[in-house]
Amino acid sequence: MENPVQNVDNFLYLKRISRPEPAERGRQMDKKVSQAVIRRMPKYYTHLKELQSQGVAKISSRDLGQQMGLTASQVRQDFNCFGGFGQQGYGYPVDGLIESISEILGLGRQKTVILIGVGNLGRALMNNFNYFQNGFELIAAFDRAPAIIGTTQQGTVVRDVAGLREFCLQNHPDVAVLTIPRESVHETAGLLIDCGIKGIWNFTNIELNLGLGVKVENVHLAESLMVLSYMLGEGKASAQ
């Protein structure tokens, strides 16, 4: 599963972290970074963590690009959106690059998350996804089924969804994970907005575009599988 990056706008404003001089810092913080670049940053981070585990100390843009199916120029352009991290003729120090990308993605700023809908997918996300490594702390889960309420998943007690508003107003979670039936999506999203939620990781197969400063990452598992289906048949279709 890809690490998630919250989004609802076409562009996000991210701070460049090359630690520029104070006079330059304000101008760099206003730089627009495209969605395509933002979505590559978690891929860089994951790949670099693997290189780090193998003892790799530095890597060139050419080698990193080859390993990830990108050009060296694309790698350099992506990193230059945030100030650039390497030295000409030396390459990128892997440890430093990981630290820089972690800062870009906000992984060091722990955010709280709640999960709503503890069915099969909800339980899988509670039991098998490492929120902490991705900059989040799972603080509560909610469901409406009496058989599920009161059970514990990975140390988190499942609460009655009837208490969702009160919990949010008292604890101010940053993000909500939605794994609920389609008919409940808009009502639940509206309640979360009223309670000040900042982001939604949406697995409901309903496309949410909420605006109002709420960032949404819509995850469509079926669409991803359809893309794979297309790729499997791509050569056959062109040969007909």
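Couple of notes before you dig in:
- Of all residues in segment 192-213, those satisfying the criterion of being among the hydrophobic types (A, V, I, L, M, F, W, C) and touching a strand residue (DSSP E or B) at 6+ places or on another chain (Cβ under 7 Å) are Leu192, Ile197, Ile200, Trp201, Phe203, Leu208, Leu210.
- Every residue from segment 28-86 that is on the phi > 0 side of the Ramachandran plot and touching a helix residue (DSSP H, G or I) at 6+ places or on another chain (Cβ under 8 Å): Gly83, Gly84
- Checked against (1) in a loop (DSSP other than H, G, I, E, B); (2) loosely packed, with under 11 Cβ neighbours inside 10 Å, Leu208 meets all criteria but (2).
- Residue match in segment 175-187 (condition: touching a residue at least 60 places away in the same chain (Cβ under 8 Å) and more than 12 Å from Ile116 (Cα to Cα)): no
- From the list Glu2, Glu24, Glu99, the lone residue that is at pLDDT 90 or above and not assigned by TED's automatic domain parsing to the domain that holds Phe142 is Glu99.
- Unmet criterion (only one of (1) more than 17 Å from the chain's Cα centre (by Cα); (2) surrounded by 10 or more Cβ atoms within 10 Å (Cβ to Cβ)) for Ala147: (2)
- Test: residue in segment 57-72 that is in contact with a Ser or Thr (Cβ under 9 Å, 6 or more places away or on another chain) and within 29 Å of Ala176 (Cβ to Cβ): no
- The residue that is surrounded by the most Cβ atoms within 10 Å (Cβ to Cβ), among those in segment 158-197 that are of a type in the set (Lys, Arg) and at pLDDT 95 or above, is Arg159.
- Val177 being outside any loop (DSSP other than H, G, I, E, B), β-branched (Val, Ile, Thr) and within 16 Å of Asp143 (Cα to Cα): yes
- Test: residue in segment 126-143 that is over 25 Å from the mean Cα position of the chain (by Cα) and over 30 Å from Glu103 (Cβ atoms): no
The values are calculated or read from the model by the stated rules, or taken from the named source; none is laboratory data. Predicted model, so just to flag it, every value in this text is computed and none were measured. Glycine gets a Cβ as well: all are built from the backbone with ideal geometry, and neighbour counts include every protein chain shown.
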